[in-house]
1. Could I have the simple spin-label model distance between Ser209 and Asp269, label points 7 Å from Cα toward Cβ, reported in nm to one decimal?
2. How would you order 289-297, 71-79, 3-11, 15-23 from highest to lowest mean count of nearby Cβ atoms within 10 Å?
3. Can you tally the net charge around Ile176? Count Lys and Arg as +1, Asp and Glu as -1, for every other residue whose Cβ sits under 14 Å from the Cβ of Ile176.
4. Straight distance only, please: which aspartates and glutamates reach the Cα of Lys155 with their own Cα at less than 14 Å, same-chain residues fewer than 8 apart left out?
5. Taking 7 Å along the Cα-to-C-beta vector as the label spot, tell me the Leu10-Arg82 distance in nanometres, rounded to one decimal.
6. What FRET efficiency comes out for the pair Gln117/Arg182, r = Cβ-Cβ distance, R0 = 25 Å, nearest 0.05?
7. May I ask you to compute the full-extension gain from Leu29 to Ala3, defined as 0.36 nm times their residue separation minus their alpha-carbon distance, rounded to one decimal in nm?
8. Per residue, how much space in cubic angstrom lies within the convex hull of the C-alpha atoms of segment 164-273?
Amino acid sequence: YSAAKGIGRLTSRLSKNFADQVIESIMELFSLWESDMTWHGGCLALAELAVFIFIRHGLLLPQRLSSVLPFMEQAMLYDELRGNFSVGLAVRDAACYLCWALARSYDPSLLQPFVHQLAKALVITTVFDRTRRSTGHFSSRHRHSDHLRLVRLRKNAYLQLSLFVAQYEEYRPHLIQHLVDRKVIHWDTVIRQLTSQALHQMTFLDPESMKLILSTQILPRCTNSELYLRHGSILASGKVISALCQVAKDHQRGVDQVTLAVIFRTLIDGLEDYTVDSRGDIGAIVRESTMSSIQVLTNTSQPELLEADLIRSVLHAVAKQSTEQIRRTRDPTIPHIEQLEELRSIIPPPPLDISTEKECFDLWMKVMRLDTYRKAVITGLVSSIGSLTESLVKSSSTSSKLTIARF
């Protein structure tokens with residue numbers, strides 16, 4: 001910050017041409033290859049130049065605004081993961097300070113062509129930034145500032161403030177696209193979960209646009225090689241699909257059967273995520289999210305649209321997962337369930353407690369007697385026997401030996 005102030009004071013003594021060259025050199029620092037410290041310093045330097053130069057000598061020329069604003073927008077969203085922590089808070093704060101400096105230094109008539117661009121960037125930062133420092137910069141110039149001051153908790157910002165702002169059509173597409181592009185794939189699991197819930201609520205405001213975004217942007221990423229992207233996309237898909245089904249039900253409109261089948265197949269593919277690294281079975285969060293999304297989809301879809309072959313694949317996948325690390329299964333009412341009466345005689349009605357490995361495997365060993373589900377259960381058992389968890393290996397191995405002995 002001291003260096004930025006020094007640049008501002010020194011440049012204020014230069015001619016217009018030389019001062020413009022200084023500004024151009026600073027703008028060259030905004031590169032994807034530069035560090036967060038460089039971006040932070042660049043934003044502070046431009047802010048000081050706006051304050052010192054424009055007020056005193058008019059050297060920060062208005063035509064520079066069109067080239068400065070894109071970098072400022074990028075800086076407002078700067079957030080990168082470094083090891084087990086993130087960097088970018090100082091950059092985002094400096095970008096908001098730059099926005100404040102431009103608003104204080106330039107005549108409103110000069111800023112008028114850029115007001116919508118500035119407002120869009122500030123609204124996104126105000127609502128979805130994890131610290132939301134920009135609220136102070138934005139609220140002083142916005143007619144809905146009282147609502148912005150009320151929200152400080154991140155959960156309220158995502159689920160309440162975002163929905164309020166999304167009511168205004170000039171901001172809604174930008175909020176939704178920011179969530180899809182940035183927050184669905186965020187490194188923080190909590191952010192991904194809040195994003196899916198926010199998209200669920202916004203779907204009711206513009207279901208047609210969300211249906212297009214779901215099919216063209218979110219669903220194709222459910223099988224992406226990046227874990228964060230897969231997990232966030234599956235979470236978002238489940239929530240958006242749930243909202244779309246509710247909208248279709250309320251308006252007595254059907255959901256395309258082909259589209260529904262594609263969604264189910266995509267989710268079933270997500271159950272095959274067994275990514276493992278030094279932290280263990282990190283693919284488990286994807287499988288758990290997929291199970292949750294399948295539950296939502298089966299409970300909200302029209303029964304006549306669920307084909308028998310599709311339900312058979314879903315049940316096989318669920319049976320397989322239920323004998324692995326994931327135990328939080330449900331009992332959705334869905335059609336075309338094979339050997340339904342036999343399943344009801346084996347699986348007790350809710351609430352079903354299979355929280356321990358022994359209870360889980362004792363139950364699913366009985367299911368393995370049914371020809372329809374035997375292969376899926378055995379596949380899940382093999383995965384559990386090869387697990388790194390001692391209790392899981394012991395319980396699955398013991399249950400398997402007893403069952404094999406009976407056969």
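1. Label at Ser209, label at Asp269, 2.7 nm between them.
2. Per-residue Cβ counts within 10 Å, averaged per peptide and sorted highest first, yield 289-297, 71-79, 3-11, 15-23.
3. +1
4. Asp129, Asp188
5. About 2.5 nm, to one decimal.
6. That gives a FRET efficiency of 0.90.
7. 7.9 nm
8. Taking the convex hull of the Cα positions in segment 164-273, it is 93 Å³ per residue.
No lab work stands behind these numbers, since they all come straight from the coordinates. Here the structure is a predicted model, which means the values were calculated and not measured. Glycine gets a Cβ as well: all are built from the backbone with ideal geometry, and neighbour counts include every protein chain shown.
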